[in-house]
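**Student:** Before I ask anything, here is the structure I am working with.
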Amino acid sequence: MKRCLIVTGGGDCPGLNAVIRAIVKRASHEKDWEIVGSIEAFNGILREPTEIVVLDEHKVAGIHYLGGTIIQTTNKGGPFAWPVKNKDGTWSAVDRSDEMLRKMQYLGIDAVINIGGDGSQRISQKLFEKGCNVIGVPKTIDNDLSATDSTFGYQTAVQIATEAVDKLVTTAASHNRVLILEVMGRYAGWIALNAAVAGGAEICLLPEFPYDVDKVLERVNKRFARDRGFVNIVISEGAHARGKDYSTLSQQEIGYENRRLGGVANVLMNELKDAGCEHSIRTTVLGHLQRGGIPIAYDRVLATQFGVKAFEMVLNNEFGKMVSYRHPNITSVSLEEAIQTPNLVGADTSLMKTARGIGISFGD
Ligand code: F6P
């Protein structure tokens, strides 16, 4: 019997369970494969006692529409940077990858399918370089991976953000206010851009285009010059004024390597007030609502395609690669290529041109 290990790493994302289910269902056609899952990314392998579960058809029945991941996840630490507490109370990152690979050998693991974003696929590449039979499946609500046309979870996040804009438009109009909605996306503005276009926002501020607060205010005032004006602004968590740094949250968590972005909606509100904005302003931070709950149909379908493809890559010994969607095909790219360039919104992005075409201001 051969064993394939599934790992879900990084932030959770609607569609993860649909990928797990698809891998297990596809593998069930093969007599000699058992699928197991490591609990909480690779931590399940590294912990004593080991935390892995057998994933059979019974275990994954009906999970295709469930948010989250039945095998849990983490975006802290990992086999190459395991957090260890020093005697003086400080923390160090320790490389436990060799120990983990030995343990996987002991557990009879022949292949690994690592479902995760850029950080997880960097781990996949490093494990592959150490001889591990690993395949990556791209996962991110941020849509910041350039090696695939899209990832599951992203369209669900866009849908949730758009519904938030729809709700904020009616309250902004009722009170003649400026309503600022902060959405996720890290350093990529895709969720904000799509939600602004779909929701009919007047202003959209993205990490890729640092804004000039006077230009934002100019646009706000122009809208209020109309009878009973109101303004809806969608701002990406990574957006910032020209010459300013990202807004970050101060609480540091052990093993958390990324900067925690957040708080830019309030920063913008204060910047607008300091610049002389006299209108009433309210802010909403959509946060993890964008990641929780059921995936929309599109993401369930894409996730299922990714899962089947990933297991077929295992069968074909196509290791060191990541599943990729290149319309209309589900294909693959080398992990090395997959982690090279982030997918950011560019000035030439056709949706940017569309947005400018309908008069959305980017404050630039
Ligand atoms: O990468 C996905 C994402 O949701 C980002 O959009 C966001 O910046 C980050 O994860 C939040 O991470 P956490 O769950 O640790 O707060």
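**Student:** Looking at residue 341 and the list (1) surrounded by fewer than 16 Cβ atoms within 10 Å (Cβ to Cβ); (2) free of Cβ contacts under 8 Å to residues at least 40 places away in the same chain, which single condition is not satisfied?
**Tutor:** (2)
**Student:** Test residue 243 against the criterion of being of a type outside the set (S, T, N, Q), away from the ligand (no atom under 16 Å from the Cβ) and loosely packed, with under 15 Cβ neighbours inside 10 Å, and give yes or no.
**Tutor:** Yes.
**Student:** Restricting to the range 255-302, and then to whatever is open to solvent by 80 Å² or more (accessible area, probe 1.4 Å) and within 16 Å of the ligand (Cβ to nearest atom), can you tell me which residue is nearest to the chain's Cα centre (by Cα)?
**Tutor:** Checking each candidate, the answer is 288.
**Student:** Any idea how many residues of the range 303-326 are at positive phi and surrounded by 15 or more Cβ atoms within 10 Å (Cβ to Cβ)?
**Tutor:** 1
**Student:** Looking at 164, 192, can you tell me which residue is modelled with pLDDT of 95 or more, closer than 27 Å to residue 323 by Cβ and either touching a strand residue (DSSP E or B) at 6+ places or on another chain (Cβ under 8 Å) or of a type in the set (Val, Ile, Thr) (or both)?
**Tutor:** 192
**Student:** Give all pairs with beta carbons closer than 9 Å in which a residue from the range 242-261 that is closer than 21 Å to residue 123 by Cβ meets a residue that is away from the ligand (no atom under 11 Å from the Cβ) and part of a strand (DSSP E or B); count only pairs at least 6 apart in sequence or on separate chains.
**Tutor:** 254/83; 254/85; 254/91; 255/82; 255/83; 255/91; 255/93; 257/93
**Student:** When only residues in the range 1-38 that are out of contact with any helix residue (DSSP H, G or I) (no Cβ under 6 Å at 6 or more places or on another chain) and in a loop (DSSP other than H, G, I, E, B) count, which is farthest from residue 119 (Cα to Cα)?
**Tutor:** Step by step, filter the range 1-38, then rank; the result is 31.
The values are calculated or read from the model by the stated rules, or taken from the named source; none is laboratory data. Because the structure is predicted, anything quoted here is derived from the model rather than measured. As a convention, Cβ positions derive from the backbone with ideal geometry for all residues, glycine included, and neighbour counts pool all protein chains shown. Just the protein is used for accessible areas: all its heavy atoms, side chains included, with ligands, DNA and RNA removed. Shrake-Rupley method; radii C 1.70, N 1.55, O 1.52, S 1.80 Å.
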